[in-house]
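The values are calculated or read from the model by the stated rules, or taken from the named source; none is laboratory data. These numbers come from a predicted model, not from an experiment. Here Cβ is always computed from backbone atoms with ideal geometry, including for glycine, and neighbour counts include all displayed protein chains.
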Amino acid sequence: MKNVLILVLALGLAALGALYYNHTRQVAQKEAQLAAIQAEAEAKAQQLAEAEAAKARADHQQEQLLRLTEQMGSELRAQQAARSNAAARTEAGADAGLEAGPAAEKKGGFGEMLASMMNDPDVKKMIQEQQRAMIEPLYGPLIKQMNLSPEEADAFKKLLSDNMTKSTEQATSLFAGGSSTNRQELVASLTAQQKAFDDEVKALLGDTRYQQYKDYQTTLGERAQLSAFRQQNAFSGTPLTDTQTEQLLGLMNEEKKRAAAEGMPQMGGGGQDAANLEAMLSEDKTRQMLESQELVNQRVYERAAEVLAPEQLEAFGRFQTNQLQMMKMGMSMARKLMAPDKTSPADQAR
């Protein structure tokens, strides 16, 4: 009887042990599931926080750009009014045998105003912030591709940021008026600065990774456009995936090369001296480049139907139209700003 009781107790303990083990395993599984859910929730919360922060930065930069645009418009209207007054004084002076007033002799016009605004600390800070914000989305894939260490990545980003700032400041000086000789000196300075920057990048990266960087640079314009489109489309119901972005980049690069092979003028061409720069900004050359870009855009849009969903394709078409319009406005302004010394003060007043 005693042996039977011992056996029953043993069986009972075994059953309880099995139940406890099974319960413990279930609890562990539940805890693992809960931890995974919490980790996923934290990741989603982090992504949401980053997206909200990015939107806040974009909204802040948009507000700054709007204020800058309003300021530029106000100053341009004031300048146009001054020119109208100068024209009236010039005509009155001619009738009376008098010389034109000081306002009629002022050269540089809107270009000088733009260069002056670039020296404003708030404007410079805004532009620098925008440029720094562009580096990660533009060069992040390259940094991974080159397998840079954190220290190398930081040094590379700093070189890029400093070069962007210096190039923007010097490029703005091109539009501040002055003689062709002055512009030639500025272009020469800009070219020398770019060479010094390239030398620093090569010293940091080494020959192999430097060549990767140079190859990457050939698609930088297209990458910048796609980065802007992704940010614009990020809060829609159908944001672009990484795969779609790479596919679109391939299409844009292929159509750019196709246009070049067909002899179409390319954006960013024209050489590295002032004469070629002014030739590139001539009315005929500008028109040809814009027509070429419009054709490239159309070809990319048609092929993008194989890559994008209908809603994405519609948004991409609108984006292309807006980008082309901005190019037209920018090149038109650049063409006007590059030629203030080709007319006399009296002609400028008229």
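A few notes on this one:
- Any chance GLY237 is assigned to a helix (DSSP H, G or I) and either in contact with a His (Cβ under 7 Å, 6 or more places away or on another chain) or modelled with pLDDT under 95 (or both): no
- Scan of the range 205-238 for residues that are more than 18 Å from the chain's Cα centre (by Cα), farther than 14 Å from VAL307 by Cβ and either surrounded by 15 or more Cβ atoms within 10 Å (Cβ to Cβ) or in contact (Cβ under 8 Å) with a residue 40 or more places away in the chain (or both), ordered by number: LEU205, ARG209, TYR210, GLN212, PHE235, SER236, GLY237
- Among residues of the range 258-285 being modelled with pLDDT of 85 or more and either assigned to a helix (DSSP H, G or I) or in contact with a His (Cβ under 7 Å, 6 or more places away or on another chain) (or both), the one that is surrounded by the most Cβ atoms within 10 Å (Cβ to Cβ) is ALA259.
- Hits in the range 120-160 (condition: at pLDDT below 90 and of a type in the set (S, T, N, Q)): GLN128, GLN130, GLN131
- Residue satisfying condition, being at pLDDT 95 or above and either in a helix (DSSP H, G or I) or polar (S, T, N, Q) (or both), within set ARG230, ARG209, ARG223: ARG209
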